[in-house]
Amino acid sequence: MANSKVSQDTGDLKLNRVSKHYGDFCAVDDLSLIVPDGSFFALLGPSGCGKTTTLRMIAGLEEPSAGTISIGDTDITTQKSYRRNVNTVFQNYALFPHLTILKISPSVYVGVELKMLKLRLKMR
Ligand SMILES: Nc1ncnc2c1ncn2[C@@H]1O[C@H](COP(=O)(O)OP(=O)(O)OP(=O)(O)O)[C@@H](O)[C@H]1O
Ligand SMILES: [Mg+2]
């Protein structure tokens with residue numbers, strides 16, 4: 001089942017004339033850039049200039065209105081987000097800030113408790 005796997009594509013990340021429109025509003029306008037493979041790259045700009053929208057398109061959480069995104073030789077513009085060799089760490093990683101872990105998933109809570117108990121027993 002090769003097509004169920006996350007792509008292992010590597011290489012430069014290329015955005016070629018990427019735009020994103022929300023109705024009449026243009027959030028990203030004809031952006032082209034190359035991020036060399038293995039490099040550390042930062043997007044800087046004033047609030048509202050389209051940084052998050054750009055990252056969301058790279059991650060596959062938004063589809064560009066125009067342009068293409070590729071990694072190495074693979075065009076990932078319309079590739080499902082879970083198939084991309086891309087990870088995202090959100091600014092706010094509290095997905096459900098109004099819930100406790102018990103309310104989200106009691107089974108996760110029990111799992112964490114069990115792990116803690118095992119750790120405590122090991123430490124004795
Ligand atoms: N889903 C959406 N619908 C309509 N407009 C949007 C949507 N998402 C973003 N925008 C608009 O697109 C523009 C760019 O937003 P974006 O969040 O990408 O900016 P940003 O550079 O990340 O800003 P910040 O530095 O404040 O995080 C903003 O004007 C924002 O209001
Ligand atoms: Mg942002």
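Rule-based calculations on the coordinates, nothing more; no lab input. Just so it is clear, the model here is predicted, and its values are computed rather than measured. Every residue, glycine among them, receives a Cβ derived from its backbone with ideal geometry; neighbour counts consider all protein chains shown.
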If I fit a long axis through the Cα atoms of helix 106-123 and take the longest principal axis of the Cα atoms of the chain, what angle between them do I get, 0 to 90°, rounded to 10?
60 degrees
Fewest-first ordering of 57, 116, 123 by Cβ atoms within 10 Å yields 123, 116, 57
Inter-probe distance in nm under a simple model that places probes 7 Å from Cα toward Cβ, at residue 87 and residue 42
2.1 nm
Mean separation of Cα contacts under 8 Å (6+ apart) over length of the chain, as relative contact order %:
26 percent
For the chain, the count of lysine pairs 8 or more apart or interchain whose alpha-carbon atoms are under 30 Å apart comes to 14
Averaging 1/r across every pair of distinct alpha carbons in the range 2-83 and inverting yields a Kirkwood hydrodynamic radius, in angstrom, of 13.3 Å
